[in-house]
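The values are calculated or read from the model by the stated rules, or taken from the named source; none is laboratory data. As the structure is a prediction and not an experimental result, all values here were calculated from the model. FYI the Cβ positions are ideal-geometry reconstructions off the backbone, even for glycines, and counts take in every protein chain you see. Ligands, DNA and RNA are stripped out before the accessible areas are found, and what is left, the full protein with its side chains, is counted by its heavy atoms. Shrake-Rupley method; radii C 1.70, N 1.55, O 1.52, S 1.80 Å.
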Amino acid sequence: AQLHYSVPEDREPGFSVGDLAKDLGVEVRSLATRNLRLVSEGGQRHFQVDLAAGVLLLDSRLDREALCGQSPTCSLHLQLVMENPLQLHRVEVDVLDVNDNAPQFPKPEVVLEITEVANPGTRLPLEVAEDPDMGSNSISTYELSPSKHFALSINVRGDGVKMPEIVLEKALDREKVPVHHLTLTALDGGNPVKSGTARVTIHVLDANDNPPVCDPPISKVLLEENVPVGTLVTKLNVTDLDEGPNGDVEYSFKTSNNAPGKFTKLFSLDARTGEIRTKAPLDYEESSAYEIAVRARDKGSPAMEGHCHLRVELIDINDNSPEIVLTSVSSPVQEDAAPGTVIALIGVKDSDSGDNGQVRLQIAKELPFKLVSSFKEHFSLVTSGPLDREKASGYNITVRAVDSGSPQRATQKTFYLRIADVNDNAPNFSSPFDTAHVQENSLPGTSVFSVSASDPDEGSNAKLSYSILDNGMQDAPISTYFRIDQDNGTIYTVRALDYEQDKVFQVPVEVKDAGSPALSSTAVVHVFVLDENDNAPNIVYPSVPKGSAFHQAIPALAEPGYLVTKIVAVDADSGHNAWLSYQLQESAEALPFQVERRSGEIRVAQALRESEDSHRLVVEVRDNGTPSLSASVVIVISPEENSVQDFSKSLDLPQPSSEDTNLTLYLIISLVSISLVSCVMFGLVAARC
């Protein structure tokens, strides 16, 4: 709890300040058992606790002026500690001012001089009395002992201080009364009233009977702050009706010995001309006005003086730029942040006043952000639209503060806001369709093709992995033919490929990023198997067992050009590798037969002799591959007398078997497939172009 008491400052020790037990709501007898202790926060002990009565007592006489000086309020703070249970209570005691100090003049006697020719209305300023008490107990008024010639005038200064002056009411005659003795009394407003006195001795002097007069006695000047040093503030208009030295006026600042005026550091006074100029920079933010008191004193004997009061009010100019304070910045911010997300808290301040201190904030309009006023001089920077890290990975945000002064002053501060990536972009292949070629019978692990994909995201969202999907187009899973490096997208063969079995593969490749959730895309690589000359020609006709010969009878009188037989062969390869040529192997004797190179027809090349024996021919069939492969067949030709030259008999070709028919079908399918693949390739090339 917090308790609040008040006590006048003049009470004797033992004075009851307050009933602690009642105000704390505890029984008096429990205070001792709970070990009530009193702790003074200031270190000095002014109070004590009567545990038997449960009241707070004054331990020593209080002096408010010694404790708090001229402060308008005076409070002492205590702490009450109670145990079982432990509790802490705070006590605040206001020390009330009592009228225990009488007014006192700086000097017990004041000596003044006045010429005998002084005009009624002449004023003689007096020093102000001091009273340490506050409020109504401070100085209330002044009184002057009765006089035929003098009266008291009290002026109130701008800060409320009463200034006593002696005013001449009746002309003086030094020959009758050369010295006047008066008593000045200062009265405070306490009850009972206290007073202080000072003896005033006024010497009446002869001659110089006109004092300097300031016109006007109180004036005001408006001056812009930050004017150049040496700027003329004003020139005092002081007149003295006397002539000669009695009318020659000297000027000086009027200050108090105890508190010299601060204006003397900022302004200079020409003692001869009365010009007041600046001698240091003036700052409205430090002080908006200055009170200057000037004494105008002539050189008469005795000297006479007048007093001028000048108030210099400064006009604020826009000499302070706004200041931007970044209270908080949230960087990075997710690129999927919703509009209205707070990015930064910004404060502004301007030391100028009025319009010069009114500040507005600005940012570039093309940025996806806006400023929202939170409360006076505080703003929030929020998102005003969607963010896309792939278009802008960050923003240099320049905040510009402009005041409303004339001319305007501006300040800007730039900070960098980084945009954090989210997985909002799927990987993208450079092409959805690619074509690759691989030689048949290549070793497992042969590199076929490298697919390439990109992802505009960053970090794990852009880390890609490749895999092959099974499309079910082959008899066996595609993974049994190819594999892919999941890091770089290179496709390798898993086993040797056979052109005669599979001429083209469609390999679906999927690329997937490592984001959450993961995004993916696919592409198809058409892998064409290139034929290799790995199949030797196969002689279909005549069909003889290996190591045997084919016997063919011809008429003994067969003429040149007679068709003996025809060799028919096929090659499982394609293209040049399947182009076949026929030829006779060289023999020791010249044979009367020849073989057509392309058709494989064996014909009689020259007339046969009548008693000619059989001829043994070795016909070789060779393809056009590299290296070239071949097959051969041995044909024994026997001339016979009873053979008739009959083409159908001579070329006794057997009907093709089902195996030969299938082989022919395979050749046709191969040719059609190659044609289709070529068309697809031409179409892909045209599409890409």
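Could you list, in sequence order, all residues of the range 468-493 that are more than 30 Å from D424 (Cβ to Cβ) and not in a strand (DSSP E or B)? Before the answer, list the steps.
Of the range 468-493, the ones more than 30 Å from D424 (Cβ to Cβ) are 472-483, 492-493.
Within the range 468-493, G472, M473, Q474, D475, A476, P477, I478, S479, T480, Y481 meet the criteria.
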What is the number of the single condition among (1) assigned to a strand (DSSP E or B); (2) open to solvent by 30 Å² or more (accessible area, probe 1.4 Å); (3) in the same structural domain as P444 (by the TED database) that A496 does not meet? (1)
The conditions are (1) within 18 Å of S431 (Cβ to Cβ); (2) free of Cβ contacts under 8 Å to residues at least 60 places away in the same chain, and A496 fails exactly one of them. Which is it? (1)
Out of the residues in the range 237-255 that are at pLDDT 90 or above and open to solvent by less than 40 Å² (accessible area, probe 1.4 Å), which is nearest to D173 (Cα to Cα)? V249
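Do you know which of the residues in the range 374-391 that are in a strand (DSSP E or B) and open to solvent by 20 Å² or more (accessible area, probe 1.4 Å) is nearest to I363 (Cα to Cα)?
Here is the first cut: in the range 374-391, the residues in a strand (DSSP E or B) are 374-375, 378-383.
Still in the running and open to solvent by 20 Å² or more (accessible area, probe 1.4 Å): 374-375, 378-379.
Values: S374: 16, F375: 18, H378: 15, F379: 12 Å.
By that ranking, first place goes to F379.
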Residue selected from the range 558-578 under the condition modelled with pLDDT under 90 and within 28 Å of Q501 (Cβ to Cβ), by the criterion surrounded by the most Cβ atoms within 10 Å (Cβ to Cβ): D573
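So is D502 of a type outside the set (A, V, I, L, M), under 25 Å from Y481 (Cα atoms) and open to solvent by less than 50 Å² (accessible area, probe 1.4 Å) or not? Lay out the reasoning, then the answer.
Numbers: of a type outside the set (A, V, I, L, M): yes; under 25 Å from Y481 (Cα atoms): yes; open to solvent by less than 50 Å² (accessible area, probe 1.4 Å): yes.
Spelling it out, D502 is indeed of a type outside the set (A, V, I, L, M), under 25 Å from Y481 (Cα atoms) and open to solvent by less than 50 Å² (accessible area, probe 1.4 Å).
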Among the residues of the range 311-324, how many are open to solvent by less than 60 Å² (accessible area, probe 1.4 Å) and out of contact with any helix residue (DSSP H, G or I) (no Cβ under 9 Å at 6 or more places or on another chain)? 4
Of all the strands (runs of 3 or more DSSP E) wholly in the range 392-467, which have at least 1 residues that are free of Cβ contacts under 8 Å to residues at least 60 places away in the same chain and open to solvent by 30 Å² or more (accessible area, probe 1.4 Å)? 394-403, 410-420, 447-450
One residue is enough: does the range 117-126 have a residue meeting the conditions out of contact with any helix residue (DSSP H, G or I) (no Cβ under 7 Å at 6 or more places or on another chain), surrounded by 15 or more Cβ atoms within 10 Å (Cβ to Cβ), under 30 Å from L205 (Cα atoms) and modelled with pLDDT under 85? yes
Looking at the range 333-368 only, could you name the residues that are among the β-branched types (V, I, T) and either open to solvent by 30 Å² or more (accessible area, probe 1.4 Å) or under 12 Å from L381 (Cβ atoms) (or both)? V333, T341, V342, I343, I346, V359, I363
Members of the range 508-551 found to be aliphatic (A, V, I, L, M) and open to solvent by 20 Å² or more (accessible area, probe 1.4 Å), listed by number: A514, A518, L519, V524, L530, A536, I539, V540, V544, A549
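Look through E285, E291, E305, E275 and report the one residue that is open to solvent by 50 Å² or more (accessible area, probe 1.4 Å) and farther than 23 Å from V128 by Cβ. Lay out the reasoning, then the answer.
Values: E291 fails: farther than 23 Å from V128 by Cβ; E305 fails: farther than 23 Å from V128 by Cβ; E275 fails: open to solvent by 50 Å² or more (accessible area, probe 1.4 Å).
Just a single option satisfies the conditions, and that option is E285.
Which of the residues spanning the range 158-204 are assigned to a strand (DSSP E or B) and open to solvent by 40 Å² or more (accessible area, probe 1.4 Å)? Steps first, answer last, please.
Just the residues of the range 158-204 that are assigned to a strand (DSSP E or B), to begin with: 162-168, 179-188, 195-204.
Correct list: K162, M163, V179, H181, T183, S195, T197, R199, H203.
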Based on what the data block shows, is V312 within 51 Å of the chain's Cα centre (by Cα), under 30 Å from Y416 (Cα atoms) and modelled with pLDDT of 85 or more? no
Return the total of residues in the range 596-617 being of a type in the set (A, V, I, L, M, F, W, C) and either open to solvent by 30 Å² or more (accessible area, probe 1.4 Å) or in contact with a Lys or Arg (Cβ under 6 Å, 6 or more places away or on another chain) (or both). 2
